[in-house]
Amino acid sequence: MISLIGFSSLCLSIIFSLALLIPNSILKINIKFFLLIFRFSTILVCISFLSLVLAYINSDFSNFNVFQNSHSEKPFIYKISGAWGNHEGSILLWLCMISIYGFLFSLSSNSLDDFKINVLKIQSTLFIIFAFFIIFTSNPFLVNSILVNEGLGLNPILQDPALAIHPPTLYLGYVGFSLVFSLAIASLFNKKEDKNWIYETKKWSIVSWTFLTAGIALGSYWAYYELGWGGWWFWDPVENISLMPWIVGLALVHSLIMIRGEQIIERWIVFLSILCFSLSILGTFLVRSGILTSVHSFASDASRGLFILLIFFLTTGFGFLIFLIKPPKNNNNLNLLLINKTSALIINNILMIIAMLTILLGTIYPIIIEVMTNTRISVGGPYFNSTVLPVLLPGFLLMSIAPVLSWQSNKIKKFKVYVVFFLILSFVVFLHSYLTVFNTWGFIGLILGSWIILSSTISIVLRYKFVISFNYIKSINSFIAHIGVGIMIIGITFSSVYQKEYNFNISEGEEVKINENILKFEKLYLTEEKNYQSLRALFRLTKEDKLINYIMPGKNYYPVSKMITTEAGIYHDWLKDFYITLGSEDNNIWSISVYINPLVSFIWIGVFIMIFSGVIAIFKK
Amino acid sequence: MKFQYFFKYIFCFYFILSSESVLSNDKVDFKVKELTLELRCMTCQNQSVYDSDSDFAKDIKNVVKDKFQEGLNQKEIKHFLTERYGEYILFKPYFNTKNLFLWLFPFILLVFSIGFFIKKLKNN
């Protein structure tokens, strides 16, 4: 019953959206009525999605999708998250968000009526395309042909708090770019000189980018504690795919700052907007078609892949076609100097695009080679580390001073202060590297990260007085964001370069020495949880006979899907993480891996600061 | 003008540093780690041999260790492994004609855009 409601409201919302596309020449709809229909369609598609969620909550196994991905004994939160823990449900969520973004736009926008209608028409078109995709290839409301009392269960690896909210957050990012896409295309149809679309684009691209950042961070945090591989970024194809719209979104957000009335930058913004959403769709295609091997390759189907490829070509082709046939109205040159703000931003954009293209190439190159020469190759972490990082390095260097550059001239106020501080910093970092183990990447990362933090702090101190008010925070927002990046760079550098790994074979009651710490394997616990058995090893970490903390790595066994998941035990300290994973057992002797990951917390702090300044920027006029 | 010099120095500094090779360590374990991090565990999902605990990964780790002790170098071991498992096992593809585009593309792009940028700059 509930599935029927879901399906029919989905169909109704498609019909309403189709009605919105009737050209004005046939049927003239006034703006109020137009908005009403659009919002009504949004409400309908939300009802459709909520009824799927309800079917999951009620464990309604007459729905085939619920039967395949749920189980009545799952905890409540994973019943809800199960609704988007599979291909069909997640695409419905995606669809729902396309509509919600349009809805929010229709409520908040001060644009001219014509422009508003154009944006919503394009948004509706995207909605209809994806809705057809759902109905023809991925319907979550199919009826189960057999009568069953129990479902097959959700993949245990997805039963985790971070992963429950990871997909919706990520999708809010990906799908937000659909609105940015619509805004860009609609701006090409603008007859009057109306610059309002730039403000709209700014707002929505920052919203999407912030959500995307949060979504990616959640994913990698999950990978850190759940996969038990000791790291948090693996250059997995799906990670790469999420990184591409993220990078282009970052370029977009930055080029929106450049607007000084130059036509060429407006063109560039439109181009980036179209590219962002195209990459989001391309990512979906690569993941869902199953042509890439990845930890995310759940649900793969060739026919779906073809359909998404069609959507990709349709939207991208259409978008870029309009972009090309609508010529720029007038052309004025940019004020480029070595080195002012405009040129710094342009270099930033160029480097971002190169990084994105490199990631794209590395991700799809194995496919190209397999098709052309019939040999399989892998392109993994080592490739990206040695190509993307060198490309980004000058960008990071530039970033440290970019916010203080001027628009008109190539002079920097208080230039000497920066040079002095840079020299002092270099000396300190050099001394530090000299006294500890020298590592090239460690040195570069440390000096870059700390220089970015230092120069941003100097700028804040030099240019503004300390009055804590919202306006003040807004005015130093770009510095705050860059401090976040600096902190993150230090975290990334230290956790990857100076990670220490120890392997032990140890039985209950024994202890091992790690540097000045003593790790004692106290006890092994086996407990029955609601839908899994949990095995935990209790470790006591002490330093000079003082207890630091208990760490409990372990494994979970999920009887429904007969799967074992590893659960890393982590003790978070501001300066380092003690990270333990429990390996295999042989005659009551357990093999464990202990990682000491320095400054991992900096990565999350840095990301948090970036998200914070993203939120602040949304409210910035 | 001062500013340009400042940048030149920073860039020189950076290139000197990056051209220097990472500390060499003679220990076999270190070599094994270095190499196995670049090998794909064929039975896992996108995990390196070094990080994996699967039987396949354990075998490969042992093979690599033995080969190092026999006196083979990294290149020879890679060659040995790709003969058995195909190039798919390497996370860092060979620099050969087939992968030329993969390796050169980012840097060609970089050079071109620098050239383009400088040209634009001169026009101003």
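Quick notes on this structure:
- Residues of region A:551-563 satisfying the condition of being farther than 17 Å from A:LYS523 by Cα and touching a residue at least 40 places away in the same chain (Cβ under 8 Å): A:TYR558, A:VAL560, A:SER561, A:MET563
- Selection status of A:ILE444, part of a loop (DSSP other than H, G, I, E, B), surrounded by 14 or more Cβ atoms within 10 Å (Cβ to Cβ) and facing another protein chain (nearest Cβ under 10 Å): no
- Checking region A:482-492 against the condition returns no match, with no residue being surrounded by fewer than 19 Cβ atoms within 10 Å (Cβ to Cβ) and in contact with a Ser or Thr (Cβ under 6 Å, 6 or more places away or on another chain).
- Hits in region B:84-100 - residues which are surrounded by 12 or more Cβ atoms within 10 Å (Cβ to Cβ) and more than 8 Å from chain A (Cβ to nearest Cβ): B:TYR85, B:TYR94
- Residues of region A:365-379 classified as part of a loop (DSSP other than H, G, I, E, B) and either of a type in the set (Gly, Ala, Ser) or at the interface with chain B (Cβ under 7 Å from one of its Cβ atoms) (or both), total: 5
- Count of region A:577-621 residues which are crowded, with 22+ Cβ neighbours inside 10 Å, over 28 Å from A:SER205 (Cα atoms) and aromatic (Phe, Trp, Tyr): 2
- Of all residues in region A:554-598, those satisfying the criterion of being touching a Gly at 6+ places or on another chain (Cβ under 6 Å), modelled with pLDDT under 85 and not in a strand (DSSP E or B) are A:VAL560, A:SER561.
- Residues that are hydrophobic (A, V, I, L, M, F, W, C) and farther than 16 Å from A:SER145 by Cα, drawn from region A:43-68: A:ILE43, A:LEU44, A:VAL45, A:CYS46, A:ILE47, A:PHE49, A:LEU50, A:LEU52, A:VAL53, A:LEU54, A:ALA55, A:ILE57
- A:LEU361 being surrounded by fewer than 18 Cβ atoms within 10 Å (Cβ to Cβ), within 9 Å of chain B (Cβ to nearest Cβ), part of a helix (DSSP H, G or I) and under 22 Å from the mean Cα position of the chain (by Cα): no
- Some residue of region A:474-481 being under 29 Å from A:THR581 (Cα atoms), aliphatic (A, V, I, L, M) and not assigned by TED's automatic domain parsing to the domain that holds A:LYS523: no
- Residue list for region A:233-259, restricted to those being of a type in the set (A, V, I, L, M, F, W, C), closer than 16 Å to A:GLY362 by Cα and in a helix (DSSP H, G or I): A:VAL238, A:ILE241, A:LEU243, A:MET244, A:ILE247
The values are calculated or read from the model by the stated rules, or taken from the named source; none is laboratory data. A quick note: this is a predicted structure, and the numbers were derived from the prediction, not measured. We place every Cβ from the backbone using ideal geometry, glycine too, and count neighbours over all the protein chains shown.
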